[in-house]
1. Given the condition at pLDDT 85 or above, open to solvent by less than 20 Å² (accessible area, probe 1.4 Å), under 16 Å from the mean Cα position of the chain (by Cα) and under 12 Å from Asn73 (Cα atoms), answer yes or no: does some residue in the range 4-24 qualify?
2. Looking only at the range 43-57, decide whether some residue is crowded, with 17+ Cβ neighbours inside 10 Å, closer than 17 Å to Asn132 by Cα and either touching a Ser or Thr at 6+ places or on another chain (Cβ under 9 Å) or modelled with pLDDT of 95 or more (or both).
3. Mind checking which residues of the range 164-174 are closer than 25 Å to Ser11 by Cβ and open to solvent by 30 Å² or more (accessible area, probe 1.4 Å)?
4. Regarding Leu121, is this residue more than 20 Å from Lys164 (Cβ to Cβ) and open to solvent by less than 20 Å² (accessible area, probe 1.4 Å)?
5. Can you tell me which residue is nearest to Gln34 (Cα to Cα) among those in the range 140-156 that are open to solvent by 50 Å² or more (accessible area, probe 1.4 Å) and free of Cβ contacts under 8 Å to residues at least 60 places away in the same chain?
6. List pairs: first in the range 158-177 and touching a residue at least 24 places away in the same chain (Cβ under 8 Å) and within 23 Å of Ile136 (Cβ to Cβ), second hydrophobic (A, V, I, L, M, F, W, C) and not in a strand (DSSP E or B), Cβ under 6 Å, 6+ apart or cross-chain?
7. Inspect the range 119-135 for any residue being on the phi > 0 side of the Ramachandran plot and either over 21 Å from the mean Cα position of the chain (by Cα) or among the β-branched types (Val, Ile, Thr) (or both) and give the result as yes or no.
8. Yes or no: Tyr100 within 14 Å of the chain's Cα centre (by Cα), open to solvent by 10 Å² or more (accessible area, probe 1.4 Å), among the hydroxyl-bearing types (Ser, Thr, Tyr) and under 28 Å from His154 (Cα atoms)?
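The values are calculated or read from the model by the stated rules, or taken from the named source; none is laboratory data. Predicted model, so just to flag it, every value in this text is computed and none were measured. Heads up, the Cβs are rebuilt from the backbone with ideal geometry, glycines too, and the neighbour counts pull from every protein chain shown. For the accessible areas, the whole protein counts, side chains as well, though only heavy atoms, and no ligand, DNA or RNA atoms are used. Shrake-Rupley method; radii C 1.70, N 1.55, O 1.52, S 1.80 Å.
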Amino acid sequence: MKLKRLNAPASWPIQRKTKKYIITPNPGPHRRKQSLPLGIIIRDMLGYARTHSEAQQILMTGVVAVNGVVRKNIRFPVGIMDIVSLGTNHYRVLKKKRLYLLLDNENKDTKLCRIEDKTALGKDVVQLNLHNGENIRVTKDTYATGDVLVMDAHNTIKRVIPFKKGSLALIIDGTNAGAVGTIREIVVTKGSQPNIVHVTTERDIPIRKDYVFVIGTTKPVIPVDVYQRERENPHSSEVG
């Protein structure tokens, strides 16, 4: 099915009136407005290709990886906190008003994965279902939904950032996307309504739990502020 550029999610950093259609992402672990087809990243954001065909040719050479896995599908959906690698450059997908890429070679092997759900597989074995579609099995269930696992390139859990009062959080959706603050309060609501998290930045922001991604306790484990990152490293940039 073709997707018209004018109907593409507002979070996609694309030109709307140049051509009629845009690459449609395959179904995947991320919601459409929280992800981008790999072809858009290669062609429209990084500028390595001018056409759909050129982007496909680049991917077929096997030089592009997402979270350490080579991807050749131009429609593969890449979402929040995923790491796109092209040669020696490694970009993390983040979001303010729109999705963007942050060059972060220093932390290329550091993955942040939020626990969305847990599944009991048997005695003392629990499967953690992560926000990027990955699953990991653990024998000691000391984790809670909303916690974020800090993992290396081999999917080894290096530490856990708890989803709790006092943790540092990144807002990944809504009008406040991109803001970083401290969790002041977690309000559990009854029924089908989502839990509400109060995140304190320069002001108090009440926001849905699924819009909150914890990134540290006292300081972020990875850079998330592109403007601060630019001051530290002039080679990092917001693309798109």
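1. no
2. Within the range 43-57 (the criterion being crowded, with 17+ Cβ neighbours inside 10 Å, closer than 17 Å to Asn132 by Cα and either touching a Ser or Thr at 6+ places or on another chain (Cβ under 9 Å) or modelled with pLDDT of 95 or more (or both)), the answer is no, since none of the residues qualifies.
3. Correct list: Gly174 only.
4. Values: more than 20 Å from Lys164 (Cβ to Cβ): yes; open to solvent by less than 20 Å² (accessible area, probe 1.4 Å): no.
Taking the combined requirement at face value, the residue does not satisfy it.
5. To start, the set of residues in the range 140-156 that are open to solvent by 50 Å² or more (accessible area, probe 1.4 Å) comprises 140-142, 145, 153-156.
Subsequent filtering for residues that are free of Cβ contacts under 8 Å to residues at least 60 places away in the same chain retains 140-142, 145, 154-156.
Working: Lys140: 31, Asp141: 29, Thr142: 28, Thr145: 19, His154: 25, Asn155: 23, Thr156: 25 Å.
Among those residues, the one meeting the criterion is Thr145.
6. If the second residue must be hydrophobic (A, V, I, L, M, F, W, C) and not in a strand (DSSP E or B), the pairs left are Leu170/Val224; Ile172/Ile80.
7. Applying the first criterion (on the phi > 0 side of the Ramachandran plot) to the range 119-135 yields 122, 124, 133.
Remaining after also requiring either over 21 Å from the mean Cα position of the chain (by Cα) or among the β-branched types (Val, Ile, Thr) (or both): 122, 124.
Checked the range 119-135: at least one residue is on the phi > 0 side of the Ramachandran plot and either over 21 Å from the mean Cα position of the chain (by Cα) or among the β-branched types (Val, Ile, Thr) (or both).
8. Working: within 14 Å of the chain's Cα centre (by Cα): yes; open to solvent by 10 Å² or more (accessible area, probe 1.4 Å): no; among the hydroxyl-bearing types (Ser, Thr, Tyr): yes; under 28 Å from His154 (Cα atoms): yes.
No; evaluated as a whole, the condition is false for this residue.
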